[in-house]
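Read through the structure below, which is laid out as structure tokens, and then see the notes.
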């Protein structure tokens, strides 16, 4: 049987991922409607055909009495990047447009494309967060699962981002 804390975390994750799915589907459907087209990616069949798990990730222990979910849309112009930073909470990223190049401390560099997700553990140095293209924009949703109030991002001195702590 799940603890109250585990149930609250599960509810927060479910609501966040549902928000991502509904927002993406609504945006696609709205674009299709305005252009007078029918997108085959928008399913009108049974519910079981419309939902898929795009990420499942165990989380570190959190204070279930103070959970807060925050969804942030991040836009990168062609060639843009964020300076090294960290997040005090776990983050799930979902690429909405373009491709995102990312590297988190202890993990290899990766490029994520439209529809792909990634996970960042709390308090890890985010060494690279950038648009993978120098000609096209990129956009992602960052879903933060926090159990305390803190700024969602903190700058990291250059020496720490290169392993010189």
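Looking at the stretch 126-135, is at least one residue touching a strand residue (DSSP E or B) at 6+ places or on another chain (Cβ under 7 Å) and touching a residue at least 60 places away in the same chain (Cβ under 8 Å)? Checked the stretch 126-135: no residue is touching a strand residue (DSSP E or B) at 6+ places or on another chain (Cβ under 7 Å) and touching a residue at least 60 places away in the same chain (Cβ under 8 Å). Touching a residue at least 12 places away in the same chain (Cβ under 8 Å) and closer than 20 Å to residue 156 by Cα - does that describe any residue in the stretch 110-118? Checked against the condition, which is being touching a residue at least 12 places away in the same chain (Cβ under 8 Å) and closer than 20 Å to residue 156 by Cα, the stretch 110-118 yields no hits at all.
Can you find a residue in the stretch 95-105 that is within 17 Å of residue 68 (Cβ to Cβ), in contact with a helix residue (DSSP H, G or I) (Cβ under 8 Å, 6 or more places away or on another chain) and modelled with pLDDT of 90 or more? Working first, answer last.
So the first thing to find is which residues in the stretch 95-105 are within 17 Å of residue 68 (Cβ to Cβ), and the list is none.
No, the stretch 95-105 contains no residue that is within 17 Å of residue 68 (Cβ to Cβ), in contact with a helix residue (DSSP H, G or I) (Cβ under 8 Å, 6 or more places away or on another chain) and modelled with pLDDT of 90 or more.
May I ask you to list the residues in the stretch 73-101 that are within 12 Å of the chain's Cα centre (by Cα) and not in a loop (DSSP other than H, G, I, E, B)? 73, 74, 91, 92, 93, 94, 95, 96, 100 - these are the residues of the stretch 73-101 that are within 12 Å of the chain's Cα centre (by Cα) and not in a loop (DSSP other than H, G, I, E, B). Listed by first and then second residue, the pairs linking a residue in the stretch 70-88 that is at positive phi and surrounded by 13 or more Cβ atoms within 10 Å (Cβ to Cβ) to a residue that is in a strand (DSSP E or B) and at pLDDT below 90, with Cβ atoms under 8 Å apart and 6 or more places separating them unless they lie on different chains, form an empty list.
The values are calculated or read from the model by the stated rules, or taken from the named source; none is laboratory data. Not measured: the values here are computed from a predicted model. Please note: Cβ atoms are built from the backbone with ideal geometry, for glycine as well, and neighbour counts cover all protein chains shown.
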